[in-house]
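Working notes for the structure below.
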Amino acid sequence: MKIEACAIEKWYFRGKGDTNRFFAVKQTDLTLEPGKVTVLTGRSGSGKTTLMHMLSGLLTPDGGKVLADGKDLYAQEDKALSGFRNAHFGMIPQGADVLPVLTVMENILLVQGIYANQSRNPGADRSVGVQDRAQKLLGEMGIADLADVPAGELSGGERRRVCVARALAGTPDVIFADEPTSDLDDENMQIVLQMLKKAADEGAAVLIVTHDQEALDYADVCLKMHAGVPGPAVQTEDREAPSCQEGGAGSDLQIV
Amino acid sequence: MIRISKLPLINLLRRPGRSIALVLLTAFLGFSIFGGSVIVMSLRQGLSSLENRLGADIIVVPSEAQSKSSFKNMLLQGTTGAFYMSSDNLERTLEVEGVESAAAQIFLASLKADCCSIKIQVIGFDPETDFIVQPWIEESCSKDLGPLEVVVGTNVGAQVGETLKIYEERCHVAGRLAATGTGLDSAVYCTIDTMKQLLKAAEAKGITHKVTSDDEDVISAIYVKVREGYDIGKVNSAIQGHTRKASAVRTRSMITDVSGALSGVAQTVTGLIGAVWILAFLILLVAFVMIANERKKEFALLRLLGTSRRMLGALIRREMALCSLTGGALGIAAAAALVFPFSALIETRLKLPYLMPSAPVLALTAAGALLAVLLAGTAASAWAAGRLGRVDPGTVLREGN
């Protein structure tokens, strides 16, 4: 699935009154291609997560459109958009958030369980074999033995890996990963990045928002966010030496 | 596969501390609504039963009984009483213009002694003229009462077929009356002929009933029905002037006293129920807002995974509904366990007629109380769910990171 952002922007008002407008993301064009890993880096507060939330249907832009295979995400009602997100997007949130009352496996399987009762289950075809895939993913990340442990009892790194497994188990079309490797040791960091790369190789469009420079090794497209604007795209031919350019103050950047 | 519909139950079961707090709160609400409602309904039912059982427009009692409130105490609290006046008063009453019918009763109190099985109020009536006791005795005893045969009130500890010893006379229990919620439930009923026999037996034990030394023929109360078209107040005054050493009391004035007291109690209890409902609703609201704040990230995560606003709201409301139903049911059960067995104590304490409603009415009241608890719980959670639905999940998930 191809995700296209067309002149999207997001602003907030700071302080009292409606005059002090702060742009979290300035007018931006961006495309996430199927089969490619896009890595977005940048300083804290540069607008990376805001951009990702807009692309993933979580945060309505104040201007512009987000298209998923040509379909305007935000033109849909909340119910349809939520179902679409559930069926097509895999999300790894920044806070490594899990439902503490559920076990690790229940956390992963819940994604497919959200619409399981409904006659029109948008992700029905993806729920087949999801438990086996989840078990395999947990095994690859070295936490297979935690499958039946309540997620509330896990450490930060373990939670992070559960989030990765949860996002990948349903083989989504697009994966949005916000700091997927923070809290992880080097070995697990490499494993997680390899998994995301593998998902892209299998056809998913992957967006990784990160501070970790190691992620650049897996990037097909590398962007650096600065003051609400992603830098010009660089098609990385050589993964060993990816080069990223810092975004300028300009807008309407076409990123391919 | 775990279905999201199971999430509310899982949340409640795996977070027992939080769940118990919410269940206790809703149980308190259920307890107050059901317990309070049953008490108010029982008082109203008791009054209605008293009105039905008195069944007369005017009651004539000895002046002494009226001044000591003995008659009212006997009716309401089941205290025993024995007061007498000359039977001439029945003839005099019947002579008054506007009196359609008049029936006399004779009261006798048995003793807590070897001569009597139990201390009890015995009421004798004349089956020929009675229009008060006879109709409801006929509901429990199909045949006419014979010599030394009695019908017992529901609170009297004797079964049909057993015998009760009253002043050494063995009386056969021929029937049991349905509950009235009044002092009449603690009485025994017999014909005037049987009563005369018992009075003689009592006299042998030193219990005198004579009004004057030569007066053998006594009565305790006269129930009067006023002819249609006549002013009850005027007839009452006429009887008062025509009888001797007796007081004529309008039944309504007696009922009004009781009704006034009942109304006060009922208003207080109803007010308390309303106050408890509002208080519990506010506490639930605050509790839910606090819980919603604590679980904001949890709910934002569900949104992130694809749960729609409506689904999230339904999950929150379902969780609270489960809490409310469990707590409400427990509270109602606790109220039933407290109010049902202690109804006699409540009646004694309140000094008012108290008759528990029938099982179907109680079941309906329980259902209504459960609904009120459910309403408070879901309304409180709906407000919290509405607030959460408006929060942007992306922003919530970023908080604290």
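Working note: Cα atoms of segment B:89-200, range along each principal axis, descending, whole Å: 46, 30, 25.
Considering only Cα atoms, the convex hull volume of segment B:135-261 works out to 160 Å³ per residue. Partner shielding of B:310-319 amounts to 1, given as the average count of beta-carbon atoms from other chains within 10 Å of each residue beta-carbon.
Expressed as a whole number of Å, what is the distance separating the alpha-carbon centroids of segment B:316-332 and segment B:362-385? Taking the Cα centre of each part, segment B:362-385 and segment B:316-332 sit 8 Å apart. Once the 1.4 Å probe is applied to the protein heavy atoms, segment B:53-254 comes out at 44 Å² accessible per residue.
With a 1.4 Å probe, how much accessible area is buried between chains B and A, both sides summed, in Å² to the nearest hundred?
Summing both chains' loss of accessible area gives about 2900 Å².
Taking only alpha carbon atoms, chain B gives an Rg to Rh ratio of 1.21, where Rh is the Kirkwood radius. Pairs over the 19 Å Cα-Cα cut-off, from the set B:Lys165/B:Lys196; A:Lys71/A:Lys198; B:Lys245/B:Lys351; A:Lys10/B:Lys296; A:Lys65/A:Lys224: A:Lys71/A:Lys198; B:Lys245/B:Lys351; A:Lys10/B:Lys296; A:Lys65/A:Lys224.
Using the Cβ-Cβ distance between A:Glu214 and A:Cys6 with R0 = 41 Å, the FRET efficiency computed as 1/(1 + (r/R0)^6) comes to roughly 0.85. Which residues make up the longest stretch of chain B clear of trypsin sites (Lys or Arg not before Pro) that lie in a DSSP loop with no more than 16 other Cβ atoms within 10 Å, not counting the sites? No qualifying site falls inside B:246-350, the longest such stretch. Label-to-label distance, B:Lys245 versus B:Val391, with points set 7 angstrom from Cα along the beta-carbon direction: 8.3 nm. Modelled spin-label separation between B:Ala359 and A:Asp69, with each label point placed 7 Å from Cα along the Cα-to-Cβ direction: 6.2 nm. The calculated FRET efficiency for B:Lys119 paired with B:Leu279, based on their beta-carbon distance and R0 = 41 Å, is about 0.35.
The shape of segment B:273-401 comes out prolate: with a ≥ b ≥ c from the C-alpha gyration tensor, a/c is at least 1.5 and a/b beats b/c.
For segment B:53-254, the carbon plus sulfur part of the accessible surface works out to 45%, probe radius 1.4 Å.
Take the Cβ-Cβ distance between B:Leu13 and B:Gln159 as r, set R0 to 45 Å, and report the resulting FRET efficiency rounded to the nearest 0.05.
It comes out at approximately 0.40.
May I ask what percent, to the nearest 5, of DSSP beta bridges between residues of the protein assembly as shown are antiparallel? Expressed as a percentage, antiparallel bridges in the protein assembly as shown total about 60. When the helices of the protein assembly as shown are scored as -39500 (n - 2.57) per DSSP H run of n ≥ 4 and the total is divided over every residue, the value at 222 nm lands at -15000 deg cm²/dmol.
Counted by Cβ distance under 12 Å from B:Ala380, the other residues give a net charge of +1, where Lys and Arg count +1 and Asp and Glu count -1. To the nearest 10, the accessible area of A:Met105 is 10 Å² with a 1.4 Å probe. For the peptides A:44-54, A:162-172, the ranking by mean Cβ contacts within 10 Å, running from highest to lowest, is A:162-172, A:44-54.
Shielding value for A:101-112 is 4, the average number of Cβ atoms from other chains within 10 Å of each residue's Cβ. Each peptide among A:87-97, B:101-111 gets the average number of other Cβ atoms lying within 10 Å of its residues, and from highest to lowest they stand as A:87-97, B:101-111. Both radii are taken from the alpha-carbon atoms of segment B:53-254; with Rh as the Kirkwood radius, Rg/Rh is 0.95.
Counting only other residues whose beta carbon sits under 11 Å from that of B:Glu162, what net charge do I get with K and R as +1, D and E as -1? Don't skip to the end; give the middle numbers.
Details: positive: B:Lys165, B:Arg170, B:Arg176; negative: none.
Taking every other residue near B:Glu162 into account, the sum is +3.
Residues of segment B:84-102 with an amide N closer than 19 Å to a point placed 7 Å from the Cα of B:Arg227 along the Cα-to-Cβ direction: B:90-102.
Normalised by the number of residues in chain B, the average gap of Cα pairs under 8 Å and 6 or more apart makes the relative contact order 30 percent. Projected label points at B:Leu338 and A:Arg14, each 7 Å from Cα along the beta carbon direction, are separated by 5.8 nanometres. Rounded to the nearest 20 debye, the dipole size of chain B about its Cα centre is 3560 debye, using +1 on the Cβ of Lys and Arg and -1 on the Cβ of Asp and Glu. Both radii were evaluated on the Cα set of the protein assembly as shown; the Rg over Rh quotient, with Rh as the Kirkwood radius, amounts to 1.32. Rolled with a 1.4 Å probe across the full set of protein chains, the surface gives B:Ser237 an accessible area near 80 Å². Among the GluC sites (Glu not before Pro) within segment A:127-230, those in coil by DSSP and having at most 11 neighbouring Cβ atoms inside 10 Å are A:Glu202.
Full extension of the chain segment joining B:Leu111 with B:Thr268 gains 52.7 nm, where the gain is 0.36 nm per residue of separation less the Cα-Cα distance. Tally Lys/Arg at +1 and Asp/Glu at -1 over every other residue whose Cβ is under 15 Å from the Cβ of B:Val96; what's the total? That sum, taken over residues with Cβ under 15 Å, equals -1.
The values are calculated or read from the model by the stated rules, or taken from the named source; none is laboratory data. On a predicted model such as this, the values are computed, not experimentally measured, just so you know. For neighbour counting, all protein chains shown are included, and Cβ atoms are generated from backbone atoms with ideal geometry for every residue, glycine included. To get the accessible areas, we keep the full protein, side chains included, count just its heavy atoms, and leave off ligands, DNA and RNA. Shrake-Rupley method; radii C 1.70, N 1.55, O 1.52, S 1.80 Å.
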